[in-house]
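Here is the structure we will look at, set down as structure tokens.
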Amino acid sequence: MVTSIHHKNAMLIKHFLHAGYQDKLDVLDTCVAESVVCHNFPEFNPASREEFKAFFRYMADAINQLHFKIEHLTADEQTVKVHFHINGVHHEEFMGFPASGKRIDFHGTSVYRLEQEMVVEAWMYTSEVVLSDLFPVTRRQDMTRFALTAGEAGLQRAELVL
């Protein structure tokens, strides 16, 4: 059963995420605890509100034309779970990959723990990062080798899945 607190928590996280990815970082002052604790974030785990703002800046630097979409969201009295999709142009180093100028698609799940309408703890789980044309194919034998390599790696598609 959805209660008003569930709805309020869901709306807080939606507002927080959209503001962060739209470079409206002052919003974080009203919804992220100063001593927030983060786990499993790409590159670094923010340990304060200012570092959380730096994380959003890092994402905007690494991915040009960044588009953020919430695919599914659930909320209860203390936690909000978000399945999300990010795409754009891979502009700077991201998750160990040097800038490629190629399209990047990033899928994942974030979980936020709230206290007194503030994010106090966050977890991020990356389920898939895809760089299109990561392995340029110029000859037929290259395509065959890529298919073998992809099969050996357990990939079902011609994409890199991390």
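One table, with the values for the structure above:
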{"read-out": "Subset of the stretch 43-54 [of a type outside the set (A, V, I, L, M, F, W, C) and surrounded by fewer than 18 Cβ atoms within 10 Å (Cβ to Cβ)]", "value": "GLU43, ASN45, SER48, GLU50, GLU51"}
{"read-out": "Qualifying residue in the stretch 108-124 (condition: in contact with a Gly (Cβ under 9 Å, 6 or more places away or on another chain), within 22 Å of GLU51 (Cα to Cα) and assigned by TED's automatic domain parsing to the domain that holds ALA19)", "value": "yes"}
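One line per residue, one yes/no per condition, for (1) surrounded by 13 or more Cβ atoms within 10 Å (Cβ to Cβ); (2) within 29 Å of LYS102 (Cβ to Cβ); (3) in contact (Cβ under 8 Å) with a residue 12 or more places away in the chain; (4) more than 14 Å from the chain's Cα centre (by Cα):
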{"residue": "HIS18", "(1), (2), (3), (4)": "yes, yes, yes, no"}
{"residue": "ASP26", "(1), (2), (3), (4)": "no, no, no, yes"}
{"residue": "ASP29", "(1), (2), (3), (4)": "no, no, yes, yes"}
{"residue": "PHE56", "(1), (2), (3), (4)": "yes, yes, yes, no"}
{"residue": "ALA60", "(1), (2), (3), (4)": "yes, yes, yes, no"}
{"residue": "HIS83", "(1), (2), (3), (4)": "yes, yes, yes, no"}
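The values are calculated or read from the model by the stated rules, or taken from the named source; none is laboratory data. Since the structure is predicted, the reported quantities are computational estimates derived from the model, not experimental observations. Neighbour counts are summed over all protein chains in view; Cβ atoms, including those assigned to glycine, are modelled from backbone coordinates with ideal geometry.
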